[in-house]
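Down below is the structure, laid out as structure tokens.
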Amino acid sequence: MKFLFLILIGLSFEALGFDCSPRSLIEWKSVAKGLYWAKYDLAFTAYDKDLRRWSTERNRNATVRAFKINLSLNKLLLHTAPQSLSCTPGRDRYITQLIKDQNLNALAAINASFFVMPNGGILGLALDENKLWSGNLENLNKVSAGVFTISDKAVNLVPKKEFVTQHGTIFTQAQAAQFQFAIEAYPQLLNGGELLIDDSVLNSRRARTSIGKALDSNEIILVTIDARGETNETGATLFEYAHMLKTEACGVSQSIALNLDGGGSSAFAIPSQDIAEQAEDCRNLGNILTIHPLK
């Protein structure tokens, strides 16, 4: 009987899945028409990869900073610097320097695609309505990569292998005309509300950044966690982060999500409100994703 009781306890514990709760009321504030932002602290359960189970307590923490974007009123653009910019650690944020250097009339910005250090060359496909920034899908050699696209306000996430089958490994400016925006990154996190990763992914807890689509609307959602910096008590594994984005109680529930460059590159900015955060103050960002009003 005692053995059976222990088995039942074990099964009950295993059945406990991911859980989260904001530490305060989530308030979405207006930046401009069709653009909202929120910042809040989130408590969540950790995943033990060795034991392959979730903890029973919400004893991990992350600070969420996120944007919701109405594509009928706003657009996404990419930007990069022709050379490394001057940045003073402890005082400056590289994302702010990049916005100022480019004289960007941006409503808001986050860090974007993976890139090569130190020259900032973009890895994988990256384009917006004005420019094909990078058309080489071969130089981001990750099986888990996907391509997040916006075409006629329709949002999709396509596995890299499928995208290459349709369009080839070298994308041209002529091909780019069919999209308003596209970015290749890895790993794919969610599609159709279903998790696209399992617990075999890297177990390190880091600051994170992602692009996705809201679960119940066509709004784009950009998320960073711990863009101010990582500690032993913050950050999330990719497996935990994917669950955050999927779970409605976490505040940013999505049907589609693609992981972008994270760690020290995680950054979040609203120039008009003098808000600028970056996990590593002056870490070079090869490119950023900016939000602009439609004219």
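The values are calculated or read from the model by the stated rules, or taken from the named source; none is laboratory data. Computed from a prediction, not measured in an experiment: that's the story for all the values here. Cβ coordinates were reconstructed from backbone atoms using ideal geometry, including for glycine residues, and neighbour counts include every protein chain displayed.
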(message) Going residue by residue through region 213-221, is there one that turns out to be within 19 Å of L77 (Cα to Cα), under 16 Å from the mean Cα position of the chain (by Cα) and free of Cβ contacts under 8 Å to residues at least 60 places away in the same chain?
(response) yes
(message) Filter region 20-39 down to the residues that are under 17 Å from C250 (Cα atoms) and hydrophobic (A, V, I, L, M, F, W, C) and list them by number.
(response) C20, L25, I26, W28, W37, A38
(request) Quick one: L195 ticks every box in (1) free of Cβ contacts under 8 Å to residues at least 12 places away in the same chain; (2) in contact with a helix residue (DSSP H, G or I) (Cβ under 8 Å, 6 or more places away or on another chain) except a single one, so which number is it? (result) (1)
(request) Hey, could you check region 255-295 for residues that are closer than 25 Å to T149 by Cα and of a type in the set (D, E, K, R) and say which is modelled with the highest pLDDT? (result) D261
(request) Kindly indicate the residue of region 14-65 that is touching a residue at least 24 places away in the same chain (Cβ under 8 Å) and small (G, A, S) and also nearest to S272 (Cα to Cα) among those meeting that condition. (result) A32
(message) Which residue is farthest from I221 (Cα to Cα), if the candidates are limited to region 134-153 and must be of a type in the set (V, I, T) and under 17 Å from the mean Cα position of the chain (by Cα)?
(response) V147
(request) Determine whether A267 is of a type in the set (A, V, I, L, M), in contact (Cβ under 8 Å) with a residue 40 or more places away in the chain and either surrounded by fewer than 24 Cβ atoms within 10 Å (Cβ to Cβ) or under 23 Å from S21 (Cβ atoms) (or both). (result) no
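So how many residues does region 227-258 have that are charged (D, E, K, R) and under 17 Å from I26 (Cβ atoms)? Step through it out loud before you land on a result.
Applying the first criterion (charged (D, E, K, R)) to region 227-258 yields 228, 230, 233, 240, 246, 248.
Next, from what is left, pick out any that are under 17 Å from I26 (Cβ atoms): 246, 248.
So the count comes out to 2.
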(message) Against the definition (within 16 Å of the chain's Cα centre (by Cα) and closer than 28 Å to P271 by Cα), how does I110 come out, yes or no?
(response) yes
(request) Read through the list (1) of a type in the set (A, V, I, L, M, F, W, C); (2) part of a loop (DSSP other than H, G, I, E, B); (3) closer than 27 Å to G121 by Cα; (4) modelled with pLDDT of 95 or more, then give the number of the only condition that V252 fails. (result) (3)
(request) Any chance you could count how many residues in region 14-39 are under 20 Å from the mean Cα position of the chain (by Cα) and basic (K, R)? (result) 2
